[in-house]
1. Taking Cα centroids, how far is the stretch B:1-36 from the stretch A:17-57 in Å?
2. Could you give the nm distance between label points at residue B:28 and residue B:151, where each point is 7 Å from its Cα heading toward the beta carbon?
3. Roughly what would the spin-label model give for residue A:100 and residue A:36, points 7 Å off Cα along C-beta, in nm?
4. What is the distance, in nm, between label points placed 7 Å from the Cα along the Cα-to-Cβ direction at residue B:123 and at residue A:158?
5. Shortest first and in nm to one decimal, what separations exist between residue B:103 and its copies in the other chains, measuring from label points 7 Å along the Cα-to-beta-carbon line?
6. Assuming 0.36 nm per residue, please report the length gained on full extension of the stretch residue A:18 to residue A:115 beyond their Cα-Cα distance.
7. Which of A:136, A:154, B:64 has the fewest other C-beta atoms within 10 Å, and how do the rest follow up to the most?
8. With respect to the symmetry axis carrying chain B onto chain A, which residue of chain B exhibits the smallest Cβ distance to that axis, and what is the value in whole Å?
């Protein structure tokens, strides 16, 4: 198909398609003339994935390019592809202010990780993010919030087991990596939204207040 | 204390403190002269909270001001304060592209919510966010990822119950609202980081690969 049809079928403007081609997010089409190229279903699929990662997952164009490079590299171990997707957090850079609160938080996290026998690297960007939040709770005097680390670890161990099993089962490596990438990035957004809905439900139950806009 | 000491003790620059005063995030100090004001421990505490919400939680200055206004309003029902904090998502605005995939996703979410007896409003911004992710999975042909909605709801129902109970127990209303706000916003970041660590652990276990940078 020509670029116009690719635009119509994907809902992405021709200008954006040309931008993704220039930035290397979308592979070039097959050249059919001096100013023309033909695109296939693979381009359509890739374009939908780009928009999902940017519009719904909140990734930057640069992060999206890095993650897609992992999808395209058949030699890359699945674990590294997952790591690449995991590195694409939309959370702010953690403070590297390694004071006493930071060191205590890192010891607390390491103790929980070791007690559960988790094999994780402290080079994983999520490590510093978790330590940063725990240190902030301590600086604010909110130690009871830090107490929720164990609850989060217990529930996420179960969630991650099912998430990883679901994508590993796909058989086809390219489809598995796509599932890893989409599931990691968009799953963050979905899980956060479900948490807010669950909090609304539980606070109504516990506080005995009524919703101002019930579903109807 | 003077603004210089407030800056030293909080680690926030005088320029930033003056910006927060102008923008209404930080209440004015007690005027002690034509160009001088005195600040107390409440200011120090508030300043730490502002930095936690902006630097660690990823909120904008405007969202931070809205959330702090909820903390400061003694008449506001706790449920509304929680809703205000819940509205401060760092996720991108969901697409309002209400095609067939969107409608099917909304029916799927409503069915799960009703089956569990959750009392939630479809005016909660998290509702549209969740529907947007589910619709994106469907458009990408990743229906097995959509199948994880039930898993997320089951685990978040338990997590939210303990989260809400932890802050409700504080007795003092101002401290409760502070806990709600900090726990909602920073809890997103912590939960996301723990999920990435759990995924690393589970993918090593399932794929039999070894971490490139084990903790040492």
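1. Distance between centres, Cα-based: 51 Å.
2. Each label point is offset 7 Å from its Cα along the Cβ direction, giving 5.5 nm.
3. That separation, rounded to one decimal, is 7.4 nm.
4. 3.4
5. The projected label point of residue B:103 is separated from its counterparts by 6.2 nm.
6. So the extension gain works out to 29.8 nm.
7. Ranked by crowding around the Cβ, least crowded first: A:154, B:64, A:136.
8. Value returned for chain B: B:155, 2.
Taken together, the values in this text are just the output of simple stated rules run on the coordinates, not laboratory data. Computed from a prediction, not measured in an experiment: that's the story for all the values here. No Cβ is skipped: glycine too gets one built from the backbone with ideal geometry, and neighbour counts run over all protein chains shown.
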